[in-house]
Amino acid sequence: MKQSDYLKYPLIWRKDDFFIKIYASIPNIATGILITTDKATFIADPGDGILRDLNKDVGAVTILKVSDIFISHGHHDHVGGVWSLLTYLSVMRKKSALNIFYPKGCKEIESIYHAFVKVYGKELSYQINLKPIDNSKSFKRNSVSIKPFKVNHRELSDDGKTSSLVPSLGFKFIYDSKSICYGGDTAYCESLAKNAKDSDLAIIEAGASGENATDLHMTIRQATEIGKTAKDYFLVHVPG
Ligand SMILES: [Zn+2]
Ligand SMILES: [Zn+2]
């Protein structure tokens, strides 16, 4: 694969009625992922543009069915579309509750939520449940089993010299004995390697620029190594 091949979005994968569409996964710009089965409609990492993409692609009926949002971490390219999505769901009079799963300690998603409720709380048509996750316990939503796992993602401090750990998760979605492993943003880590292995689809970030591994992101070589242990894989989050 050429570098440019990694940048062709959307990426689509389907096995029976287990379906995933990655509208985008571009470092510092946006991510946006739709996951559906015949019984479930989920979004993972609603970055900027997710509402526009969903509206164009699947329309209001499907968007209103979204029951759960899974956030890998709070960087803006993964949460930049949350506000517009929450607003849209209220304007369109969503009635059923919406769960937002995110790594415990993720300040961004809590800030967005609190600011949102402050502005729109009185007229909100649906309930929003914040679900911070601090373990690797599996849980079920609409017949899909979700196994969160901690990954190792860091961010540079303001001086640009040191880095600190960002609360970050990957998620393994299992439905009808098929599995999709989404690692979010991470440096090489055992938990991702373990969860990606033998998955029907692994979605692995290769966000490092160049050949050198960092403690922020993986190189294409590292990501491919993990991806190959799954039955099928996408490399995402590749710098353009
Ligand atoms: Zn990112
Ligand atoms: Zn990140």
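What follows draws every value from the coordinates through simple rules; no lab data is involved. All figures in this text were calculated on a predicted structure; none of them were measured in a lab. Cβ placement follows ideal geometry from the backbone for every residue including glycine, while neighbour counts extend to all protein chains displayed.
Apply the Karplus parameterisation 6.51 cos²θ - 1.76 cosθ + 1.60, with θ equal to phi minus 60°, to every residue of the stretch 201-212 and state each ³J(HN,Hα) to the nearest whole Hz, in sequence, with x for glycine and proline. Once rounded to whole Hz, the list reads 9, 10, 10, 10, 6, 9, x, 6, 8, x, 8, 8. Listed by Cβ neighbour count within 10 Å, with the fewest neighbours leading, 50, 109 appear as 109, 50. Computed over the chain with a Gaussian network model linking Cα atoms closer than 10 Å, the most mobile of 17, 158, 68 is 158. Can you list residues from other chains, or at least 5 along the same chain, whose modelled amide H is less than 5 Å from the amide H of residue 99? When sequence neighbours closer than 5 places are left aside, the close amide H contacts are 68, 69, 129.
Arranged by the count of other C-beta atoms within 10 angstrom, fewest first, what order do 153, 75, 114 take? Working shown, then result.
Working: 153 27, 75 22, 114 12.
Neighbour counts put them in this order, fewest first: 114, 75, 153.
By the count of other C-beta atoms within 10 Å, a proxy for reagent exposure, 87, 219 are ordered fewest to most as 87, 219. For the residues 199, 72, 145, a GNM of the chain with alpha-carbon springs under 10 Å puts the largest fluctuation on 145.
Looking at the stretch 150-190, the trypsin sites (Lys or Arg not before Pro) that sit in a DSSP loop and have at most 11 other Cβ atoms within 10 Å of their own Cβ are 161.
The charge dipole of the chain, taken about the Cα centre with unit charges on the Cβ atoms of Lys, Arg (+1) and Asp, Glu (-1), comes to about 800 debye, rounded to the nearest 20.
Of the GluC sites (Glu not before Pro) in the stretch 159-240, which ones lie in a loop per DSSP and count no more than 14 other C-beta atoms within 10 Å? Filter output for the stretch 159-240: 211.
In order along the stretch 88-103, the phi-based Karplus estimate (6.51 cos²θ - 1.76 cosθ + 1.60, θ = phi - 60°) of 3J(HN,Hα) comes to 4, 4, 6, 4, 8, 6, 4, 10, 7, 5, 10, 9, 10, 8, 7, x Hz; Gly and Pro are listed as x. Antiparallel beta bridges, as assigned by DSSP with both residues in the chain, represent about 65 percent of the total such bridges.
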